[in-house]
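Working notes, beginning with the structure itself.
All of the numbers you see were taken from the coordinates with simple rules; none came from a lab. Predicted, not measured: the structure shown is a model, and the values here were computed from it. For neighbour counting, all protein chains shown are included, and Cβ atoms are generated from backbone atoms with ideal geometry for every residue, glycine included.
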Amino acid sequence: MTIVAPSGPKGDLDGADSDVPMAITINRGRQDNVFRTLAISAGIVVLVIMGMVGVFLALRGAQALGVAGWGFITTQSWEPDGGNFGIAAVLVGTLLIALVAICVAIPLAIGMALFISEYARGWLKSTLVSLVDLMAAVPSVIYGLWGFFFLQGQMVPIARWISTYFGWIPLFAVDGADPTDPLSTATVYTSSTFIAGIVVGFMVMPIISSVMREVFSQAPVGEREGAYALGATRWGMIRTVVLPFGRGGMIGGTMLGLGRAMGETIAVFMIISIVFYIQPHLLQNGASSVSSLIALRYGESTALGLSALMAAGLALFLLTLVVNFFASIVVSRSRSGASSDA
């Protein structure tokens, strides 16, 4: 690609003495035109596919939405054949599980990203990068099995302790639990939002960490050296240069992880005991999510029930799309996003 800048009207090279703005002509070569066409086509294809998914879900869910009306958003129970169904309970459960997952994943992701980009060197750095990327490739069913057979038993004493000392906070209260009885049943703490959120947090942590690692590594070298020249320690340099530079990428990576957490199905389905009422207690047995509802009821649904599941999938699709769109805006407007696009 060549850029041709014509001279001003008086023959000057820069046109500084003329009131007429300079016209810049871009002569693209054949390769530039081919690449530009392919890039635009790929973007259009992605948008078309996403639009087709949304239209498909809307058409398949139109019957249920016509029956339920606005009550589809506010109703907690799920009885499509009885005409009483909605996603209020499963939508709240989805957001609570995603909230716990993000609270677990963010500290781990920031710590891992900073260690890899700022402290690890040589073979240790390459090994950790490979391990983190490998964690993102582990199937969700493996996380679900690990969470159900191993993590759940380890988290019950922690959930009991939190409920005992912080049960005065509504989110940490557990109905039917007796903190003074050491022999009380532990089943009230199993299959909870808390345990499902921890498992999902471990699943989305590699994605968030990879985004943050790439952003941290792009912090300007001049500013790093300037901080050291002024007497800053390595942590001081990270706190004053790396973290402010990567703030937009941190937020964007977190939002991308949140979108993944809200759509997780198998791992959550294997752990929670699904209930069809709003369950605000994180540590208590019983939870719900939109994706788990679809996995649970898809095989046994009637025509109206299947349409209701499609409508629930449409709600989850739109919610995830909004979260990811917001993340893209944050990253593109941040200093780190502008640098990475250059």
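Most mobile of T302, T320, T37 per a Gaussian network model of the chain (Cα springs, under 10 Å)?
Between T302, T320, T37, it is T37 that shows the largest mean-square fluctuation.
M50 to L131: extension gain in nm, 0.36 nm per residue of separation minus the Cα-Cα distance? Before the final figure, lay out the partial values.
Working: separation 81, 0.36 × 81 = 29.16 nm, distance 3.13 nm.
Extra length from M50 to L131 when fully extended: 26.0 nm.
Quick one: longest stretch of the chain between exposed loop chymotrypsin sites (Phe, Trp or Tyr not before Pro), exposed meaning at most 10 other C-beta atoms within 10 Å and loop per DSSP?
Details: sites that count: W70, W168.
Formally, the longest exposed-site-free interval is 169-342.
Given H placed on each backbone N at 1.01 Å, which residues far from Q218 in sequence or on other chains put an amide H within less than 5 Å of it?
Under 5 Å from the amide H of Q218: no residue qualifies.
If the chain between L95 and R30 were fully stretched, how many nm would it gain, using 0.36 nm times the residue separation less the Cα-Cα distance?
On the way: separation 65, 0.36 × 65 = 23.40 nm, distance 4.91 nm.
Result: 18.5 nm gained on full extension.
Enter the Cα centre distance for the pair region 270-289 and region 58-124, rounded to the nearest angstrom.
13
Name the long-range amide H neighbours of I274: under 5 Å, sequence gap of 5 or more, or other chain; modelled H, no Pro or chain starts.
A287
Under the rule of -39500 (n - 2.57) per DSSP H run of 4 or more residues, summed and divided by the residues of the chain, what mean residue ellipticity at 222 nm is obtained, to the nearest 500 deg cm²/dmol? Spell out each step's value before the answer.
Details: 14 runs with 215 residues, N = 342.
Helix contribution divided over all residues of the chain: -20500 deg cm²/dmol.
Span-like helices, the chain: DSSP H, alpha-carbon axial extent 18 Å or more, mean Kyte-Doolittle 0.0 or greater, which ones? Don't skip to the end; give the middle numbers.
Numbers: long enough: 30-68 (55 Å, 1.31); 88-114 (39 Å, 2.65); 122-137 (23 Å, 1.13); 152-166 (20 Å, 0.17); 193-217 (34 Å, 1.66); 247-263 (25 Å, 0.42); 303-333 (45 Å, 1.96).
Going by DSSP H runs, the hits are 30-68, 88-114, 122-137, 152-166, 193-217, 247-263, 303-333.
Can you give the FRET efficiency for D178 and I142, using 1/(1 + (r/R0)^6), R0 = 45 Å, r = Cβ-Cβ distance, to the nearest 0.05? Write down the numbers at each step before the final one.
Numbers: r = 35 Å, r/R0 = 0.79.
Efficiency computed from Cβ-Cβ geometry: 0.80.
Grab the beta carbon distance between A232 and L124, set R0 = 22 Å, and tell me the FRET efficiency rounded to 0.05.
Numbers: r = 24 Å, r/R0 = 1.09.
The value I calculate is 0.35.
Tell me which residues come under 5 Å, amide H to amide H, from N84 once H is placed; ignore anything under 5 positions away on its chain.
Placed amide hydrogens put E79 under 5 Å from N84.
Would you mind calculating the gained length between I158 and C103 on full extension (0.36 nm times residue separation, minus the Cα-Cα distance), in nm to one decimal? Working shown, then result.
Values: separation 55, 0.36 × 55 = 19.80 nm, distance 1.61 nm.
That pair, I158 and C103, stretches by 18.2 nm at full extension.
Calculated from the structure, Cα extents along the principal axes in Å equals which of [x] 73, 43, 42; [y] 90, 58, 35; [z] 51, 46, 39?
So the calculated entry is the one marked [y].
Starting from the Cα of Q63, step 7 Å along the direction of its Cβ; do the same at F166; then give the gap between the two resulting points in nm.
With each label placed 7 Å out from Cα toward Cβ, I get 4.6 nm.
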